[in-house]
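The values are calculated or read from the model by the stated rules, or taken from the named source; none is laboratory data. The structure displayed is predicted, hence computed values, not measured ones. Because the Cβ atoms are built from the backbone with ideal geometry, glycine has one as well, and the counts that use them run over all protein chains shown. All accessible areas refer to the heavy atoms of the entire protein, side chains included, with ligands and DNA or RNA removed. Shrake-Rupley method; radii C 1.70, N 1.55, O 1.52, S 1.80 Å.
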Amino acid sequence: MKKRLKKCFLAAVCAALLITSAAPAVYADGNLSFRAYSAEIADTKADSEGYRADAAEARLGEDAEMIEASDEKAVLLRADGSVTFEFPSVKEGIYTVTLVYSAEQGSYGNLKYELSVNGEIPFEECRSLKLDRRYRYDKPEKDFAGNEITPQPVEIYEKLSSQVCDPAGKRLEPFIFKLGSGCSVTVKNQNAD
């Protein structure tokens with residue numbers, strides 16, 4: 001009897017999981033999950049043309065500063081700093097977003113940011129995105145006994161690019177966004193000083 005009851009309970013739990021996983025996820029504040037957002041925009045066609053916004057033309061928010069980096073303009077985002085990129089002539093369609101960035105020397109940890117389109121967070125995962133940093137190891141040193149000592153990693157401060165994607169790694173493809181004429185994309189730093 002116990003065995004049969006256990007099997008019935010497991011079947012009921014599995015059925016409940018299947019039903020809830022098929023429903024679009026909506027968070028407490030009303031934001032959709034990426035899965036629900038992508039289902040909503042599924043009928044929109046992708047545009048084959050790419051668009052670029054330069055830092056020199058960006059609109060700076062508080063705690064953001066225009067700097068010169070490697071013979072070109074760049075935006076330095078301090079804690080809670082933001083920058084908005086305008087795309088006045090984008091054709092309506094589905095796009096991926098790629099950020100070109102470099103970590104500030106003396107900072108540490110993952111670079112966390114929030115991304116909004118036209119002033120709104122398109123889906124919940126855009127509230128907590130991250131950009132990776134790149135490190136290298138110097139040649140190992142040897143101690144007095146000839147044992148190799150693993151050196152500390154040294155960060156490489158160079159220009160990197162990253163497509164906006166799931167920071168948890170649950171989704172391999174980059175996130176897609178529905179953009180149209182006159183749209184703006186805002187990147188807001190979420191790192192503490």
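Numerical summary
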item: Residue in the range 132-144 that is within 14 Å of the chain's Cα centre (by Cα), open to solvent by 40 Å² or more (accessible area, probe 1.4 Å) and in contact (Cβ under 8 Å) with a residue 24 or more places away in the chain present; result: yes
item: Residue in the range 162-174 that is open to solvent by 80 Å² or more (accessible area, probe 1.4 Å), basic (Lys, Arg) and over 27 Å from Lys45 (Cβ atoms) present; result: no
item: Selected residue (only one of Ser184, Ser128 is in contact with a Gly (Cβ under 8 Å, 6 or more places away or on another chain), farther than 25 Å from Asp71 by Cα and not aliphatic (A, V, I, L, M)); result: Ser184
item: Some residue of the range 75-97 being open to solvent by less than 30 Å² (accessible area, probe 1.4 Å) and touching a Cys at 6+ places or on another chain (Cβ under 8 Å); result: yes
item: One residue from Lys188, Lys139, Lys130 being farther than 19 Å from Ala55 by Cα and either among the β-branched types (Val, Ile, Thr) or not in a loop (DSSP other than H, G, I, E, B) (or both); result: Lys130
item: Tyr108 being touching a Pro at 6+ places or on another chain (Cβ under 7 Å) and open to solvent by 70 Å² or more (accessible area, probe 1.4 Å); result: no
item: Selection from the range 50-109 of residues that are among the aliphatic types (A, V, I, L, M) and over 24 Å from Lys178 (Cα atoms); result: Ala56, Ala64, Met66, Ile67, Ala69, Ala74, Val75, Leu76, Leu77, Ala79, Ala103
item: Candidate set from the range 60-74 (those that are surrounded by 13 or more Cβ atoms within 10 Å (Cβ to Cβ) and of a type outside the set (Gly, Ala, Ser)); member that is farthest from Ser161 (Cα to Cα); result: Asp63
item: Hits in the range 142-185 (condition: of a type in the set (Lys, Arg), modelled with pLDDT of 85 or more and either in contact with a Phe, Trp or Tyr (Cβ under 7 Å, 6 or more places away or on another chain) or not in a strand (DSSP E or B) (or both)); result: Lys170, Arg171
